[in-house]
Amino acid sequence: MSTTKNSIFESLKNGETITANHPDRSQLREASFATITLLQKLNNSANPTEIVEILSEITDTKIDDSVSIFPPLYINNGKNLNIGKNIFINFDCTFLALGGITIEDNVLIGPKVSLLSEGHPINPSERQSLVPGKIHIKKNAWIGANAIILPGVTIGENAIVAAGAVVSKDVPDNTIVGGVPAKVIRVIE
């Protein structure tokens, strides 16, 4: 039987709440500042190849050359960020990825989109804790400008999230959602 404890990043990836007094919590801040250092290089580049290379370093995975990113891009930590092929990420997006974000192939992400895979408890005495919730964006989805995807949400295959929507619940395949909170407004046939 192994007695090795999970790292704080593995705990987040496994959906475990990180309390304010977690002994390894300082690692989150250290990792975020390391990511910010890399993002400064990414956000000051106009070379698509260099941008993908830096994103590969941030995520600690090989990002496919078919991925296109228009900086600036903001990520708090890329180790739980998985990006497929033929992805387009427009200007000024924010990915809080400690809880895990998966973006499958052929996804379009509009400008100023926020993917927020972590939040905090409602109870004020526990609010300094970090609660992860994986975000999964399936193939061929399109996330419109200024949309916000909240923790724990799956965006279905071929779905469209209208500009400005706040998505707090799963979006079915082949639907268009919009509004605050987002609701299905049409089925794609």
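Observations, loosely collected:
- Scanning the stretch 98-108 for residues that are open to solvent by 50 Å² or more (accessible area, probe 1.4 Å) and outside any loop (DSSP other than H, G, I, E, B) yields a single hit, Leu108.
- Output for the stretch 115-144, where each listed residue is assigned to a strand (DSSP E or B) and not β-branched (Val, Ile, Thr): Leu115, Leu116, Glu118, Gly119, Leu130, Pro132, His136, Trp142
- For the stretch 28-49, the criterion of being under 19 Å from Pro111 (Cβ atoms), in contact with a helix residue (DSSP H, G or I) (Cβ under 9 Å, 6 or more places away or on another chain), open to solvent by less than 10 Å² (accessible area, probe 1.4 Å) and outside any helix (DSSP H, G or I) is satisfied by no residue at all.
- Consider the stretch 52-67 and keep the residues that are hydroxyl-bearing (Ser, Thr, Tyr) and under 21 Å from Ser32 (Cβ atoms). The one that is least open to solvent (accessible area, probe 1.4 Å) is Thr59.
- Hey, Thr17 open to solvent by 50 Å² or more (accessible area, probe 1.4 Å) and polar (S, T, N, Q) or not: yes
- Residue in the stretch 160-171 that is buried (at least 22 other Cβ atoms within 10 Å of the Cβ), in contact (Cβ under 8 Å) with a residue 24 or more places away in the chain and under 21 Å from Ser11 (Cα atoms) present: no
- Qualifying residue in the stretch 105-118 (condition: over 24 Å from Leu55 (Cβ atoms), out of contact with any Cys (no Cβ under 7 Å at 6 or more places or on another chain) and not hydroxyl-bearing (Ser, Thr, Tyr)): no
- The residue list Pro111, Pro181 contains one member that is assigned to a loop (DSSP other than H, G, I, E, B), over 24 Å from Val67 (Cα atoms) and either modelled with pLDDT of 95 or more or hydroxyl-bearing (Ser, Thr, Tyr) (or both), which is Pro181.
- With respect to the conditions (1) without any contact (Cβ under 8 Å) to a residue 60 or more places away in the chain; (2) under 17 Å from the mean Cα position of the chain (by Cα); (3) at negative phi, Val131 lacks only one, and its number is (1).
- Which listed residue, of Phe70, Phe95, Phe88, is under 25 Å from Asn146 (Cβ atoms) and crowded, with 21+ Cβ neighbours inside 10 Å: Phe95
- The residues in the stretch 116-141 that are out of contact with any Asp or Glu (no Cβ under 9 Å at 6 or more places or on another chain) and closer than 17 Å to Ile75 by Cα can be counted, and the count is 6.
- Residue tally, condition open to solvent by 10 Å² or more (accessible area, probe 1.4 Å) and either of a type in the set (Ser, Thr, Tyr) or within 9 Å of the chain's Cα centre (by Cα) (or both), over the stretch 76-85: 2
The values are calculated or read from the model by the stated rules, or taken from the named source; none is laboratory data. These figures come from a predicted structure and were not determined experimentally. Here the Cβ is made from the backbone with ideal geometry for all residues, glycine too, and neighbour counts use every protein chain on show. Side chains are part of the model used for accessible areas, which takes the heavy atoms of the whole protein and leaves out ligands, DNA and RNA. Shrake-Rupley method; radii C 1.70, N 1.55, O 1.52, S 1.80 Å.
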